[in-house]
Amino acid sequence: MKKAVITAMLAVCVLATASAQTGGYRAASEAQRKEIVAKITQTAASVRTMKCDFTQVKQLSFMNDKVTSEGRMYYKKANKIRWEYTRPYAYVFSTDGTTVHMTSGKGGASNRVPVKSSKLFSEISRVMVGGVSGAGLVDSPDFSSTFSVGQSDWQITLTPRKKEVRDLFASVRLYVGKSDGRVRRVELEEKSGDRTTITLKNVQANVNVDDALFTR
């Protein structure tokens, strides 16, 4: 169960704080920080639904090889999300806001866990939704945050303060487009040193998304 939880967490969200000049990013001023939070919040408020493809690349700390996975993500305001892996294996993590559903393999049995019954699942669900929209994370007191400004995007590094989240990962880094205020890439670093990068592609916002996707 815990392995499945960690796997799903890596899908979100779906990042170590760099120095001010690393990778062409510079530390944001307080005025820029407020601008970034306002832009992300405004964009998130305008997005009712979203669907996209994603590519996930995991770098294990003890290996040079990278593991690449692909799939599809669906989101519906305010707390419904589905991460559906299609390659190289089939796996689904979805939540309708009240129940978490996890399914391994095509036609496999689904595990269901009430969100309210577990602080862990509650935090996972919240971080997964926030990892897509950015809202609720960049201005949350549950995370310490560092903001940096690049040429075409903003880099936001979040360090969890809650034990339930710290036990899963050390940091989350969001890359948000300046032009639209949307999360384009997420990097997640585990306490072990493993790192996962998720890139969102072919993003479609405010399109029809069936509620049934979040209940199976």
Being hydroxyl-bearing (Ser, Thr, Tyr) and in a strand (DSSP E or B) is the filter; apply it to segment 39-62 and report the residue that is modelled with the lowest pLDDT. THR49
Taking TYR74 as the residue in question, decide whether it is buried (at least 19 other Cβ atoms within 10 Å of the Cβ), among the hydroxyl-bearing types (Ser, Thr, Tyr), under 17 Å from ARG173 (Cα atoms) and at pLDDT 90 or above. no
Write out, first by first residue and then by second, each pair whose Cβ atoms fall under 8 Å of each other, whose residues are 6+ apart or on separate chains, and whose first residue, in segment 82-106, is on the phi > 0 side of the Ramachandran plot while the second is of a type outside the set (A, V, I, L, M, F, W, C). GLY97/ASN79; GLY97/LYS80; GLY97/SER125; GLY105/TYR89; GLY105/TYR91
When the residues of segment 146-172 are filtered to those that are touching a Lys or Arg at 6+ places or on another chain (Cβ under 9 Å), modelled with pLDDT under 90 and not in a helix (DSSP H, G or I), which remaining residue is nearest to ALA31 (Cα to Cα)? LEU158
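The values are calculated or read from the model by the stated rules, or taken from the named source; none is laboratory data. Just so we're clear, the structure is a prediction, and the values are computed from it rather than from any experiment. Using ideal geometry, Cβ is built from the backbone for each residue, glycine included, and neighbour counts are taken over all protein chains shown.
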